[in-house]
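**Q** Dumping the structure here so I can ask a few things about it.
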Amino acid sequence: MDEDLIDDAKQPRCDAAIIGAGPIGLMLANLLGLAGLRVMVLERNAGLVGLPRAIAYDPETLRLFTQIGLFEAIANGLIQDPRVIYLNARGARLMEMKPPRSVFGHSPLGTFYQPDFERALLNGLDRFAAVQAWFGHNVTRIAQDEDGVTLQVESPTGPHAIRAGYVVACDGGASPTREAIGARLEGATYAERWLVVDVRVPNHNVDKITFFCDPRRPAVQLPAAGGRIRWEFMQLPGEASETLLRDDTLQGLLAPFIKLSDIEIERKAVYTFHARVADHWRAGRVLLAGDAAHLMPPFAGQGMNSGMKDAVNLAWKLSAVVKGEASSEILETYETERAENVRAAVKLSRRLGAVIMPTNRLAARARDAVFAGLNKSKKFRDFILRGGVLPPPNIAQSALTGAAKDAVIGQMLPQPELTGAEGTFPLDRWLDCHQWLVLGIGADPVQLLSQRDLKILRALGARFICLNGKAGAPASQLSIEDQTFLAWAKRHRLRGVLVRPDRFIAQRLDPSQDLRSLTPFKDAAAALASQPAPKSETQEVLS
C-alpha cells in the first residue's frame, strides 16, 4: 500500500469509504447509513452497471432487505418459492427441491433481477443526509495510518483525495484493493466456461429452476422477474467463446426451449467460474467484502448472498468501533466468523457442480446409478425436497460469541410473529436494524443477566423482550403462538438468549457469570451510559 499520499485538511472526510456500488457495497452503505455513519460510496463506472449478473436470493438476503426497510421496494420483482429440479440426459429426475417457508420469515429461495435490487438500494441512500454515492470516481491509490485512510481518486473533475476512517472494498473479483493490501486468492478455477444468456420472453411459462445434467452439454434454465428467463450452457472442450456467442450457435442451443426470433436478448456472456477465497480479509483499516474476498461457482446460489452476509456481519461491528462502543479489535471477528462459512459454501457449490457438470458419459452414468439407488429412500427424497442440502445460516465462534460447545451459539434466530399492545408483527419489526436483543422465553430476560451485562446492554440500547411470561421494566412482554419457534426453543432448552444486531445468537443468558460476547464492550459501557441517547437513524428512517 502507498504511504506517500498527502493528508490535506481540506480533503472530504467520512467514517467509512466503500469502493464499489454493486449490491454488496450499496447494502453496506444502507446499513451504515442506518447506524448514522458518514459514508462515501466510490464507483468507477458512470452509473449502476445495470446487468443481471447475480440471480438467486436466499431468506437471509430477503430478511436483510426487511431490516433496512427496503423489502417492499423489491418484493414485486421476486420469483418466490420455485421448484428446483435436476434432470439427467434421459429426462429422469435426479433431485427435486421445494423447501417449505423459511423460519426466518421469507421465501427460502428464488430469483430476482439484479438491476432492480441495485436501484432499490441506491434509492435507499437518499434517506441519509450523511451518505453519498459518487459515480465516475476511480480509486487509484490507498494509504493508511493510525488515524485513518487516504484514498487518491480520479474523478470527472480531476484527481483528488478522500480521507476516511475505514475503507471497505466491494470492488469485485478483480479487486485492485485486494492486491493493494497484499491478499491472495486461494483455491481453484474451473477449466470449464459457461455461456450465460438473459432474455425477455413475455408471458413465458417457465416456473421452476431446472438443471439439465446431460454430459453432452450441461445446462440450466431459470425464470426471472419481468418476463425474463436465463439459460446457462457449458462451453465444451475445443469450443471457442466467440463461437458460442454467435446467433447461429445461440439458435441451436435455445432450439429445445424457444425460437431465437421470439425473444429479446438482454445479455450474453461467457464466464469462468472460480472457487477461491482470499487468504486474509483485512489489513488495518481496510477490509474486503463480497467478490473481493471470495468467489464461488453459482450452483448453490450463494455468490451474492455470501456478500450480503459479509455486509451485515461487518456493518454493526464497524458502527460499534466508530461510535466508541468497542475497540477496533472486534473487526478481527469479521473474517473469523465469515471465512469458515464461505469456504463451506464454496465446497457445497463445487459438490453440486460435480453433479451437474460431468461431460464424461461413464461418470454421468455412475452418478445416475447412485441417485437411482438413493431415490428409493423416502428419507433421502424428503431431505432433498425440504432443501436439506442447503445448510442453515451460521457463523463460527469468535470473541463476540460464547465459547461453549452449544449448538445454539452462532445460529440465526428464527423470526416468528409476536403480539403486543401495538399489534402482531414479525420479530424484526420490534427491533432497530442495529439493536441487540435480550430474549427471554417464559422468563424475564433481565433476571437472567449479571449486573455487568445488564449495564453494558442498557448502554448499548438493547431491546429486552419476554415471550409468554411475566417481566418487569425494561423488558417488554410479548406473546407468541408459533409452534415451530416454540418447538425449536424447547428442543434447545432455551430460557434466554443474547442476540446480536445481525440476528445471530451470541450465547445463552446466564446470571451466574458475565457473558464473554459482551466483554469487548465493557470499557465503553460507563461512558455510553452517561450520555443522552439520541433518536437513532434507524428509528427515524423505519418508523
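**Q** Out of (1) part of a loop (DSSP other than H, G, I, E, B); (2) closer than 30 Å to Glu232 by Cα, what's the single condition that is false for Val196?
**A** Checking Val196 against (1) part of a loop (DSSP other than H, G, I, E, B); (2) closer than 30 Å to Glu232 by Cα, the one that fails is (1).
**Q** Checking Asn138 against (1) outside the structural domain of Val49 (by TED's automatic domain parsing); (2) touching a residue at least 40 places away in the same chain (Cβ under 8 Å); (3) of a type in the set (S, T, N, Q), which test does it fail?
**A** Among (1) outside the structural domain of Val49 (by TED's automatic domain parsing); (2) touching a residue at least 40 places away in the same chain (Cβ under 8 Å); (3) of a type in the set (S, T, N, Q), Asn138 violates only (1).
**Q** I'd like the residue in region 125-153 that is small (Gly, Ala, Ser) and part of a strand (DSSP E or B) and, out of all such residues, is surrounded by the fewest Cβ atoms within 10 Å (Cβ to Cβ).
**A** Selected residue: Ala143.
**Q** Oh, and also: From the list Lys317, Lys309, which residue is closer than 22 Å to Ala56 by Cα, outside any strand (DSSP E or B) and of a type in the set (Lys, Arg)?
**A** After applying the criteria, what remains is Lys309.
**Q** Does at least one position in region 250-270 carry a residue that is farther than 26 Å from Tyr113 by Cβ and hydrophobic (A, V, I, L, M, F, W, C)?
**A** Looking for residues that are farther than 26 Å from Tyr113 by Cβ and hydrophobic (A, V, I, L, M, F, W, C), one finds none in region 250-270, hence no.
**Q** Still on this structure, please answer the following. Taking the criterion of being exposed (fewer than 14 other Cβ atoms within 10 Å of the Cβ), of a type in the set (Lys, Arg) and more than 19 Å from Ile55 (Cβ to Cβ), would at least one residue in region 233-246 satisfy it?
**A** yes
**Q** Can you name the residue in region 394-445 that is of a type in the set (S, T, N, Q) and assigned to a strand (DSSP E or B) and is also nearest to His492 (Cα to Cα) among such residues?
**A** Gln411
**Q** Give the residue, chosen from Ala92, Ala188, Ala120, that is among the hydrophobic types (A, V, I, L, M, F, W, C), touching a strand residue (DSSP E or B) at 6+ places or on another chain (Cβ under 7 Å) and either surrounded by 21 or more Cβ atoms within 10 Å (Cβ to Cβ) or touching a residue at least 40 places away in the same chain (Cβ under 8 Å) (or both).
**A** Ala188 is the lone residue from the list that is among the hydrophobic types (A, V, I, L, M, F, W, C), touching a strand residue (DSSP E or B) at 6+ places or on another chain (Cβ under 7 Å) and either surrounded by 21 or more Cβ atoms within 10 Å (Cβ to Cβ) or touching a residue at least 40 places away in the same chain (Cβ under 8 Å) (or both).
**Q** Exactly one condition in (1) under 26 Å from the mean Cα position of the chain (by Cα); (2) outside the structural domain of Leu51 (by TED's automatic domain parsing) is not met by Arg217; state its number.
**A** With respect to (1) under 26 Å from the mean Cα position of the chain (by Cα); (2) outside the structural domain of Leu51 (by TED's automatic domain parsing), Arg217 is out only on (1).
**Q** Here's a check for you: in region 19-67, which residue that is part of a helix (DSSP H, G or I) and among the charged types (D, E, K, R) is nearest to Arg429 (Cα to Cα)?
**A** Checking each candidate, the answer is Arg63.
**Q** Same structure again: Can you confirm whether Arg491 is in contact (Cβ under 8 Å) with a residue 12 or more places away in the chain and not hydrophobic (A, V, I, L, M, F, W, C)?
**A** no
**Q** Given the conditions (1) within 22 Å of Pro115 (Cβ to Cβ); (2) part of a loop (DSSP other than H, G, I, E, B); (3) in contact (Cβ under 8 Å) with a residue 24 or more places away in the chain, which single one is not true for His280?
**A** It is condition (1) that His280 fails.
**Q** Now for a separate question. If Leu253 meets every condition in (1) of a type outside the set (D, E, K, R); (2) over 21 Å from Leu87 (Cα atoms); (3) surrounded by fewer than 19 Cβ atoms within 10 Å (Cβ to Cβ) apart from one, which number is that one?
**A** Result: Leu253 passes all but (2).
**Q** Anything in region 191-242 that is without any contact (Cβ under 8 Å) to a residue 40 or more places away in the chain, of a type in the set (S, T, N, Q) and farther than 25 Å from Met95 by Cβ? List them, or say none.
**A** Asn203, the sole residue that qualifies.
**Q** Now for a separate question. May I ask you to say which residue of Pro501, Pro474, Pro532 is under 29 Å from Phe128 (Cβ atoms), at pLDDT 95 or above and assigned to a loop (DSSP other than H, G, I, E, B)?
**A** Every option except Pro501 fails the conditions.
**Q** Scan (1) out of contact with any Phe, Trp or Tyr (no Cβ under 8 Å at 6 or more places or on another chain); (2) in contact (Cβ under 8 Å) with a residue 12 or more places away in the chain for the single condition Pro416 breaks and write down its number.
**A** (1)
**Q** Kindly check whether there is at least one residue in region 157-177 that is free of Cβ contacts under 8 Å to residues at least 24 places away in the same chain, touching a Gly at 6+ places or on another chain (Cβ under 6 Å) and farther than 29 Å from Phe299 by Cβ.
**A** No.
**Q** Let me ask something else about it. Of all residues in region 100-130, how many are more than 23 Å from Trp231 (Cα to Cα) and under 21 Å from the mean Cα position of the chain (by Cα)?
**A** So the answer is 14.
**Q** Also, quick follow-up: Could you figure out which of (1) more than 30 Å from Ser327 (Cα to Cα); (2) under 23 Å from the mean Cα position of the chain (by Cα); (3) surrounded by 19 or more Cβ atoms within 10 Å (Cβ to Cβ) isn't true of Val167?
**A** Every condition holds for Val167 apart from (1).
Per-residue answers, yes or no, for (1) outside any helix (DSSP H, G or I); (2) over 30 Å from Ala169 (Cα atoms):
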site: Glu325; (1), (2): yes, no
site: Thr336; (1), (2): no, no
site: Glu340; (1), (2): no, no
site: Arg343; (1), (2): no, no
site: Lys347; (1), (2): no, no
site: Arg351; (1), (2): no, no
site: Leu362; (1), (2): no, yes
site: Arg367; (1), (2): no, yes
site: Pro391; (1), (2): yes, no
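The values are calculated or read from the model by the stated rules, or taken from the named source; none is laboratory data. All values reported here derive from a predicted model rather than from experimental measurement. In this analysis, Cβ positions are derived from the backbone assuming ideal geometry, glycine residues included, and neighbour counts consider all displayed protein chains.
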